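Here is the structure we will look at.
Values in this text are rule-based calculations from the coordinates and carry no lab data. What you see is a predicted model, and the numbers here were worked out from it, not measured in a lab. We place every Cβ from the backbone using ideal geometry, glycine too, and count neighbours over all the protein chains shown.
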Ligand SMILES: [Fe+2]
């Protein structure tokens, strides 16, 4: 039995060195949940979990959703592998998952199965830290603001050509409004941004675009970001409620496949 933790950067990311038996036992589950919230991202290099082990590990951390095959969902740009592949191009933009769910996912556990020869690395940004370090006058300016989150936002900017058919599809999705600052049950606050954050309610569009661009650029600064260079067998867990993520572009025909288990959300977004 072994278990050791190492911080990957000062503000985000902790590597867990542990054997499978220890992780699957759940003995460190409470500590891992705490680390997940505090550090945003946990990496388990070359741990080599099977699908069943990945499901079991996820159950020690939370409640897996029933997506995919008994909770395990395959992520690929190949529509034969992933039914929603046509929307996955948008994942090259910073985003959080579940902007259109009543309660966004708590987190994701992702394993690298087939990697792309180029691109395909994943970046994470700690939005608790990004909020905490904002200048006080910016915090005051954005307190109470609400943002409209749209499918159009998640896709615009991710495609080389946009057809009328694509626009009509994206426009058909419901618009959700969330506070720009999420005050969690713990009392901690995080910036709730990402590509879905399309405009600020009640603000002139030009001013809204400028403020959102400024805040998105703020959260993407290197000190808030951990970049994971994948090796086959790596597993990552991240806190979707306090982290933005994006994947570096990779070829459609790269064959890249990741296996994912999503943990059900436990906390509604609140101002
Ligand atoms: Fe995502």
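For this structure, a couple of remarks:
- Reported count of residues in region 160-192, each being touching a helix residue (DSSP H, G or I) at 6+ places or on another chain (Cβ under 8 Å), free of Cβ contacts under 8 Å to residues at least 60 places away in the same chain and more than 20 Å from residue 148 (Cβ to Cβ), is 0.
- Scanning region 69-88 for residues that are away from the ligand (no atom under 13 Å from the Cβ) and in a strand (DSSP E or B) turns up 69, 72, 74.
- Any hit, region 244-253, residues being within 16 Å of the chain's Cα centre (by Cα), more than 16 Å from the ligand (Cβ to nearest atom) and in a loop (DSSP other than H, G, I, E, B): no
- Checking residue 91 against (1) within 16 Å of the ligand (Cβ to nearest atom); (2) in contact with a strand residue (DSSP E or B) (Cβ under 6 Å, 6 or more places away or on another chain); (3) outside any helix (DSSP H, G or I), the condition it does not meet: (3)
- Every pair of residues 6+ apart whose Cβ atoms lie under 9 Å, when the first sits in region 82-108 and is touching a residue at least 12 places away in the same chain (Cβ under 8 Å) while the second is within 10 Å of the ligand (Cβ to nearest atom) and part of a helix (DSSP H, G or I): 87/154; 90/154; 91/154; 93/154; 95/154; 99/154
- In region 164-196, the residues that are closer than 29 Å to residue 128 by Cα and not in a loop (DSSP other than H, G, I, E, B): 176, 177, 178, 179, 181, 182, 183, 189, 190, 191
- Filter result (farther than 17 Å from residue 184 by Cα and part of a loop (DSSP other than H, G, I, E, B)) within region 102-130: 115, 116, 117, 118, 119, 120, 121
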